[in-house]
Amino acid sequence: MSNSFGVRHRFLSRPVFSLLLLGALAAATILLPSHQQPLAGPLYGGTLTTAHEIDASGFDAIKGRSLISAGRTAANLIMEKLFERDEKGKLIPVLGLSATASEDGTTWTVKLRRGVHFHDGTPFNADAVVHHWQRLLDPKNRYRHRILLRPIQSVEKSGDDEVRFQLNHPWLPFTDALSSPGGYTAFIPSPAAVDQDIQNRSPVGTGPFVFKEWKSGDRIVATKNPAYWRPGKPYLDQVVMRVITDHESRYAALVSGQVDVMVTDRPAHVEKLSKNPNFTKVVLRFRGAGILALNNTKPPLDDVRVRRALALAWDQKKYIQASFKNILPYTETWFGDALECQDVNYREPNLEKAKALITAYGKPVELEYIHSATNRGREAGVILQQMMKPIGVAVHPVPLDFPGIMKQLFSKQYDISSWVIPGAYDMGPITMAQLHSKSPWNVSRYTNGEVDALLGRLQAATDPEARKRAMCDIARKTNADAPFLYLFGRQYYLFAGKHVHHLPQPAPGVEGRPLTEIWIDK
């Protein structure tokens, strides 16, 4: 079967279930005032200002914690990947020109674009790609996302403009690692900036914008790359990513024109801005799920009866209605639109059964819930308290900043915490990372030998139907053990002033896109 690069071999057949990964493509609704006519084409110049809830944590793959919010947007402006994906999941050449697999699916050869330079003048070539990937794969560096890359055995230079990846076994999600804009893996940094230890605070890439400054807690600024390898791009002179942690302040900044683009999931803001003819709305549907992680290694949550009782007392639909006025979707798995499973053992609310389980446990249950120090976090704390009180479980909410939550989660020093299972084009690696007993991403510290075995089969499977069955079986067994509670399916709303044109449309399963095509007439 031939893929987009003309490669023929049985391991490149796209999984049947991946054909279901279509819903995350954002649908843009454009409402132009009657007096405003569409412009003839892109205009050059101007500054785009975006608003973000969370600041960046760094841009070096080894030193940075995660690429979210302002950090993700900045990374997609400054650095580039080997490939992107279109709305159908097809690879689009960027720094890479082609990706070819061997007949047995264990070797991938990637041909690279010539004539590209990093912002510091360092040439982009095979040495730069190998430098980046060998650093990620080296166990000594303890790359946080290496759990997603375990089938990749090595990467070597096979020519000045060619690299070769060796896999332990055929692995269907391999190309996702080359194209995902949601984490550090796919972005190729300047090897000189990495070696000089400046990449984390002053990132250097090949992208359409060049890093200018980062004022922690305030803003990140990137300016137009005058030597960008794509002729005529970008259109903007500058992008300013402002960090505004308060929801109301972000909304006020957008309405007043202080910022041009904002992403939100606050019902009142979504309702008001959807009715405002001065703004464009883009619905961003992501895979994954918002969850309440339960520490499975700490009493009383190390007892499955207590976790099941919490699951039976928790009413996800009421929570979505109370806190989000139903603008977020209900979910029973973390797959989103990636695939559908029959009966995944999701527990509907049943207070009598929940009380019986707590009675059988036979001890008082008192839990601490750490959450973000935001209105949204405080709301979740109050609702969780209210839902657990009828079954005799006391919950004490504790607000923390994002670094504090991360520290508590990864040091096992928590009872319950808000968390997110991220989305991806192929949800297999994320599932492995979130649930395998030895994974550092398994923040619930969930352990189930049968699930580990299923995860192993999932990773090695090359048959699409076998992978689908394994993923659905994993969801059923996980829901039965209740290592976490579901808050919501993931959906956000992007609003931009009508002077902002050509907003990026996410490909299926993709979180984060470059702003190369955006232009403004402000």
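Every number here is computed from the coordinates shown, using simple stated rules; none is lab data. Small disclaimer: the values here were computed from a predicted structure and weren't measured. Backbone-built Cβ (ideal geometry, glycine too); neighbour counts: all protein chains shown.
Pick out, from Leu284, Gln316, Phe211, the residue whose Cα sits farthest towards the positive end of the charge dipole of the chain, with +1 on the Cβ of Lys and Arg and -1 on the Cβ of Asp and Glu.
Sorting the options by dipole projection puts first Gln316.
What's the extension gain from Gln166 to Arg376 if we count 0.36 nm per residue and subtract their Cα-Cα distance?
In short, 71.1 nm is gained.
Let me know the charge dipole size of the range 227-309 about its Cα centre in debye, to the nearest 20, where only the beta-carbon of Lys, Arg (+1) and Asp, Glu (-1) is charged.
360 debye
Among His502, Ala461, Tyr446, which residue has its Cα furthest toward the positive end of the charge dipole of the range 440-522, with +1 on Lys/Arg Cβ and -1 on Asp/Glu Cβ?
Projecting each Cα onto the dipole axis, the largest value belongs to His502.
Out of Ala356, Ser158, Trp229, whose Cα points farthest toward the positive end of the dipole of the chain (charges: +1 Lys, Arg; -1 Asp, Glu; placed on Cβ)?
The residue sitting farthest along the positive end of the dipole is Ala356.
Express the Stokes-Einstein translational diffusion coefficient of the range 286-490 in µm² s⁻¹, to the nearest whole number, given a Kirkwood radius over alpha-carbon pairs, 37 °C and a viscosity of 0.692 mPa s.
The calculation lands on 191 µm²/s.
Report, ordered by chain and residue number, the lysines lying within cross-link reach of Lys233, taken as a straight Cα distance under 26 Å and ignoring same-chain residues fewer than 8 apart.
List returned: Lys81, Lys88, Lys90, Lys111, Lys212, Lys224, Lys281, Lys498, Lys522.
Give, rounded to the nearest 20 debye, the magnitude of the charge dipole that the chain has about its Cα centre when Lys and Arg contribute +1 at Cβ and Asp and Glu contribute -1 at Cβ.
For the chain, the charge dipole is close to 460 debye.
Among Tyr44, Tyr369, rank each residue by its count of other Cβ atoms within 10 Å, from fewest to most, as a rough exposure measure.
With the sparsest Cβ surroundings first, the list reads Tyr44, Tyr369.
Suppose a student asked you for the relative contact order of the chain, using Cα pairs under 8 Å spaced at least 6 residues apart; what percent would you report?
For the chain, the relative contact order is 22 percent.
Considering the range 266-321, what Rg and Dmax in Å follow from its alpha-carbon atoms?
18.1, 53
Grab the range 286-490 and count how many Lys pairs have their alpha-carbon atoms under 21 Å apart, sequence gap of 8 or more, or different chains.
24
Across the range 419-509, what fraction of all alpha-carbon pairs, as a whole percent, falls in each successive 5 Å bin from zero upward?
It works out to 2, 11, 20, 21, 15, 10, 6, 5, 5, 3, 0, in whole percents.
Give the residue list of trypsin sites (Lys or Arg not before Pro) in the range 429-477 that are DSSP loop and have at most 12 other beta-carbon atoms within 10 angstrom.
Lys438
Which whole-percent values make up P(r) of the chain when all C-alpha to C-alpha distances are grouped in 10 Å steps starting at zero?
4, 18, 29, 27, 17, 5, 1, 0
Most exposed first by the Cβ proxy, i.e. fewest other Cβ within 10 Å, how do Ile198, Ile391 rank?
Ile198, Ile391
Can you give the extra length, in nm with one decimal, that the chain gains between Glu248 and Lys90 once fully stretched, where that is 0.36 nm per residue apart less the Cα-Cα distance?
53.0 nm
What are the semi-axes of the equivalent ellipsoid for the range 35-137, taken as the square roots of 5 times the Cα gyration tensor eigenvalues, largest first, in whole Å?
Three semi-axes, in Å: 30, 21, 16.
Nearest 500 deg cm²/dmol is fine: what mean residue ellipticity at 222 nm does the chain get from its DSSP H runs of n ≥ 4 alone, each adding -39,500 (n - 2.57), divided by its residue count?
-8000 deg cm²/dmol
Determine the relative contact order of the range 286-490: mean sequence separation of Cα pairs under 8 Å and six or more apart, normalised by residue count, in whole percent.
The value is 38 percent.
In terms of modelled amide H atoms, which long-range or inter-chain residues lie less than 5 Å from the amide H of Leu487?
Here the answer is Gly290, Ile291, Leu292, since their amide H atoms fall under 5 Å of that of Leu487.
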